[in-house]
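The values are calculated or read from the model by the stated rules, or taken from the named source; none is laboratory data. Bear in mind that the values here come from a model prediction, so they are computed numbers and not experimental data. Ideal geometry is used to build each Cβ from the backbone, glycine not excepted, and the neighbour counts take in all protein chains shown.
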Amino acid sequence: MKPTTIAAALLFASSLALTSCGESDAPADQETDAGIPGLTVTDGRMVLNAVEGNPAAVYFNLDYEGDRGLSLRKADVDGADMAMIHEYAENQGRAEMMEALPIVLQKGTKVSFEPGGRHVMAMGVSPDLKSGGTTNVTLTVSGGGTQTFPVKISAAGE
């Protein structure tokens with residue numbers, strides 16, 4: 001085959017692929033991410049650090065009533081460079097904050113993310129996130145399922 005024929009065939013094939021990219025069977029107003037079946041998150045709040053530039057903490061309550069056993073693997077916070085699920089553990093007689101191991105979720109599991117306990121630490125928080133506003137947190141479980149929920153933002157001490 002001549003190089004011009006090959007180029008024309010590739011151009012035609014790529015134009016078909018690009019045309020189909022914008023097509024979708026789902027109506028524009030249909031919710032495409034239903035979240036994680038059986039997972040409910042309430043009381044979401046982000047507390048900014050009193051020292052600008054230091055990490056913020058995210059707290060919430062999680063209830064799981066799904067039939068499938070899962071584990072909570074990670075959290076992401078919109079407007080933060082990085083987020084980690086933290087908990088406290090004893091090390092040489094002192095309580096230390098550390099990255100949490102995956103949290104097992106079975107039917108009936110209730111987990112509180114609260115001050116002095118488990119929490120999501122948000123690092124590199126955008127200065128656009130201010131007290132009185134909101135942002136979104138996305139939880140990811142084993143198997144890759146995600147659930148996104150809003151959190152209210154407050155300043156330290158509010």
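Checked against (1) free of Cβ contacts under 8 Å to residues at least 12 places away in the same chain; (2) under 16 Å from the mean Cα position of the chain (by Cα), Ser71 passes all but condition (1). Taken over segment 99-115, the criterion of being acidic (Asp, Glu) and assigned to a strand (DSSP E or B) is satisfied by Glu99 alone.
Considered as a group, the residues in segment 70-98 that are assigned to a strand (DSSP E or B) and among the acidic types (Asp, Glu) include one that is farthest from Glu52 (Cα to Cα), and that residue is Glu90.
Residues in segment 54-67 that are surrounded by fewer than 20 Cβ atoms within 10 Å (Cβ to Cβ) and either within 15 Å of the chain's Cα centre (by Cα) or without any contact (Cβ under 8 Å) to a residue 12 or more places away in the chain (or both): Asn54, Ala57, Tyr59, Asn61. For the residues Leu62, Leu101, Leu70, the requirement of being of a type in the set (A, V, I, L, M, F, W, C) and in contact with a helix residue (DSSP H, G or I) (Cβ under 7 Å, 6 or more places away or on another chain) singles out Leu70. Contact map, segment 103-126: first residue hydroxyl-bearing (Ser, Thr, Tyr), second residue at pLDDT 95 or above, Cβ cut-off under 6 Å, separation 6 or more or different chains; pairs are Thr109/Tyr64; Ser112/Asn61; Ser126/Gly79. Can you confirm whether segment 54-62 contains a residue that is more than 26 Å from Thr146 (Cβ to Cβ), modelled with pLDDT of 90 or more and outside any strand (DSSP E or B)? Yes, there is a match, as at least one residue in segment 54-62 is more than 26 Å from Thr146 (Cβ to Cβ), modelled with pLDDT of 90 or more and outside any strand (DSSP E or B). Take the conditions buried (at least 16 other Cβ atoms within 10 Å of the Cβ) and either modelled with pLDDT under 95 or part of a strand (DSSP E or B) (or both) and apply them to Val51. Does it pass? Against the criterion (buried (at least 16 other Cβ atoms within 10 Å of the Cβ) and either modelled with pLDDT under 95 or part of a strand (DSSP E or B) (or both)), Val51 does not qualify.
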